[in-house]
Structure formats: C-alpha cells, structure tokens
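Quick notes on the structure that follows.
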Amino acid sequence: MITIENIKDRIKTIAESYSEEPTGGYITGDGPIPADILFVGEAPGKTEVEEGKPFIGMAGKTFEKYLNSIGLTRDKIRITNTCYVRPITIKEGKNGRTSVSNRPPKPKEIAMFKEVLDDEIALVNPKVIVTLGNVPLKRLTEFKSIGECHGKIYYNEELKKHIFPMYHPSSLTYNRNDDFLKTYEEDWLKLKEALETF
Ligand code: URA
C-alpha cells in the first residue's frame with residue numbers, strides 16, 4: 001500500500017543516494033491528501049528547501065496570489081514537484097568564492113522520481129492535475145511545449161486524469177510585457193471555469 005510516509009522515505013533515499021550532479025537538498029509535496037486539485041511544479045529552489053515546502057519563494061508568492069484570486073487557498077489544494085531535489089550549479093569564481101544557482105532538472109533527475117510522482121498522484125487522487133511550466137507538462141503529457149496547450153482542460157487517457165496546463169509562475173519574471181500578463185491572468189480565470197465543471 002502506498003502511504004505518504006513511504007513516499008517521503010523514498011524521496012529521502014533517492015535524494016541522498018544521488019551524487020551524479022550537484023543538488024541542494026530535497027522536499028516533499030504539501031497539502032491535503034486526498035485533494036481534488038494537484039498542482040505540479042518543476043523542482044524546489046533555495047527557499048523551498050530551507051522551509052521544507054514547495055512554492056514559497058518568489059514564484060510561490062506569485063502562485064499564491066493567483067490561486068487566492070480564483071477563490072482557492074493552499075490548505076485546499078495539494079502541490080508538489082516533478083523533481084523533488086533542488087538542482088543546482090556550483091561555480092568557482094576567480095576570487096575563490098563559490099556561487100550556487102538553480103538549474104532546470106536533467107532528464108535523469110526527472111526519471112529518478114517518476115514512480116514517486118506517479119504514486120503521489122495515485123495517493124492524492126485529484127480530479128484535475130494542473131501542470132506549471134514545461135517540465136511537468138512533458139513528464140505527464142505528450143505535449144511538446146506549454147505554448148501549444150496552456151489554459152485548456154484535457155483528458156489524459158494514460159493517467160485517467162484531467163490535466164490543465166499552465167505557464168510556470170516564474171515565467172512572469174521572464175516575460176515582462178502586458179500581452180503575456182493578460183494571457184497568464186486569463187489562464188487562471190479559465191482554470192476557475194474549468195474547475196466549476198467538476
Ligand atoms: N518552482 C517550482 O517549480 N517548484 C517549487 O517548489 C518552487 C519553485
């Protein structure tokens with residue numbers, strides 16, 4: 001039987017035995033089990049690892065603002081990541097100082113958590129999975145890019161789940177223009193409408 005304790009133990013074991021690339025800690029998902037809505041992000045950042053919860057750094061603040069704007073709160077939804085470790089790059093500067101930055105998870109880092117995420121989805125048993133950005137999109141659907149499918153609800157035969165692809169909240173930081181903001185905000189309203197049909 002899958003339990004959340006079992007999922008947490010497996011994340012810990014995988015994270016602690018992985019040494020091929022630098023990583024900066026790991027986290028597990030957060031929120032009620034079961035839950036009707038499961039949001040799946042990319043991978044945790046520094047703040048998330050420090051606090052032990054997904055989406056509480058800068059992207060998390062944006063995420064929560066829009067989540068609240070459609071009448072939802074974090075205690076009503078489950079949120080997790082495609083990769084449970086924080087992928088990092090460590091650079092040695094000429095002055096001897098090291099700098100640490102986030103990087104996208106590598107395919108093998110996504111693959112090593114495949115079964116864990118599948119089991120978390122089974123345990124949470126959501127009516128809708130909302131993918132945030134390209135990483136969970138490619139892991140959980142056949143779509144190649146968020147640009148082609150965002151803001152609509154799809155039924156995924158393989159997972160037997162409804163999937164609603166959204167841009168990652170940090171994309172607002174990279175696309176600072178009114179058109180993108182409008183698209184992003186409209187997608188949240190479309191999510192609200194889609195959720196009303198369940
Ligand atoms: N971005 C993600 O994709 N996941 C987090 O948990 C935080 C930021």
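Of all residue pairs spaced 6 or more apart or on separate chains, none has beta-carbon atoms under 8 Å together with a first member in the range 186-198 that is under 19 Å from Asn125 (Cα atoms) and a second member that is in a helix (DSSP H, G or I).
Which of the residues belonging to the range 89-119 are assigned to a strand (DSSP E or B) and acidic (Asp, Glu)? So that I can check it myself, show each step before the final result.
Within the range 89-119, the subset assigned to a strand (DSSP E or B) is 89-92, 98-102.
Correct list: Glu92 only.
Looking only at residues in the range 23-53 that are open to solvent by 50 Å² or more (accessible area, probe 1.4 Å) and either within 26 Å of Pro107 (Cβ to Cβ) or in contact with a Lys or Arg (Cβ under 6 Å, 6 or more places away or on another chain) (or both), which one is nearest to the ligand (Cβ to nearest atom)?
Of all residues in the range 23-53, those open to solvent by 50 Å² or more (accessible area, probe 1.4 Å) come to 26, 33-34, 36, 42, 46-47, 50-51, 53.
After this cut, where a residue has to be either within 26 Å of Pro107 (Cβ to Cβ) or in contact with a Lys or Arg (Cβ under 6 Å, 6 or more places away or on another chain) (or both) as well, the list is 26, 36, 42, 46-47, 53.
Values: Tyr26: 11, Asp36: 20, Glu42: 3, Lys46: 10, Thr47: 8, Lys53: 8 Å.
Selected residue: Glu42.
When the residues of the range 1-22 are filtered to those that are in contact (Cβ under 8 Å) with a residue 12 or more places away in the chain and of a type in the set (Asp, Glu), the one that is most open to solvent (accessible area, probe 1.4 Å) is Glu20.
A quick yes/no check of all residues on (1) over 22 Å from Arg86 (Cβ atoms); (2) surrounded by 18 or more Cβ atoms within 10 Å (Cβ to Cβ); (3) of a type in the set (Asp, Glu):
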{"residue": "Lys108", "(1), (2), (3)": "no, no, no"}
{"residue": "Asp118", "(1), (2), (3)": "no, no, yes"}
{"residue": "Ala122", "(1), (2), (3)": "yes, no, no"}
{"residue": "Gly133", "(1), (2), (3)": "no, yes, no"}
{"residue": "Ser145", "(1), (2), (3)": "yes, no, no"}
{"residue": "Gly151", "(1), (2), (3)": "yes, yes, no"}
{"residue": "Leu159", "(1), (2), (3)": "yes, no, no"}
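Is it fair to say Pro165 is within 16 Å of the ligand (Cβ to nearest atom) and touching a Cys at 6+ places or on another chain (Cβ under 6 Å)? Yes: the conditions hold for Pro165.
Condition check for Ile70 on (1) surrounded by fewer than 17 Cβ atoms within 10 Å (Cβ to Cβ); (2) among the aliphatic types (A, V, I, L, M); (3) within 11 Å of the ligand (Cβ to nearest atom): one failure, at (3). Number of residues in the range 82-99 that are touching a residue at least 24 places away in the same chain (Cβ under 8 Å) and open to solvent by 80 Å² or more (accessible area, probe 1.4 Å): the value is 1.
Report whether or not Phe63 is buried (at least 18 other Cβ atoms within 10 Å of the Cβ) and in contact with a Cys (Cβ under 9 Å, 6 or more places away or on another chain). Step through it out loud before you land on a result.
Details: buried (at least 18 other Cβ atoms within 10 Å of the Cβ): yes; in contact with a Cys (Cβ under 9 Å, 6 or more places away or on another chain): no.
Considered against the rule, which asks whether it is buried (at least 18 other Cβ atoms within 10 Å of the Cβ) and in contact with a Cys (Cβ under 9 Å, 6 or more places away or on another chain), Phe63 comes out as no.
Among residues of the range 42-60 that are in contact (Cβ under 8 Å) with a residue 60 or more places away in the chain and closer than 7 Å to Arg86 by Cβ, those with a Cβ under 7 angstrom from a residue that is more than 6 Å from the ligand (Cβ to nearest atom) and open to solvent by less than 60 Å² (accessible area, probe 1.4 Å), sequence gap 6+ or separate chain, pair up as Ala43/Thr82; Ala43/Cys83; Ala43/Val85; Ala43/Arg86; Ala43/Pro87; Ala43/Pro105. Summed over the range 9-47, residues that are under 18 Å from Arg74 (Cα atoms) and over 12 Å from the mean Cα position of the chain (by Cα) total 8. Filtering the range 149-176 to residues that are among the polar types (S, T, N, Q) and at pLDDT 95 or above leaves Asn156, Ser170, Ser171.
The values are calculated or read from the model by the stated rules, or taken from the named source; none is laboratory data. Since the model is a prediction, treat every value here as computed from it, not as a measurement. Counting neighbours? That spans all protein chains shown, and the Cβs are built from the backbone with ideal geometry, glycine included. With ligands, DNA and RNA removed, areas are computed over all heavy atoms of the protein, side chains included. Shrake-Rupley method; radii C 1.70, N 1.55, O 1.52, S 1.80 Å.
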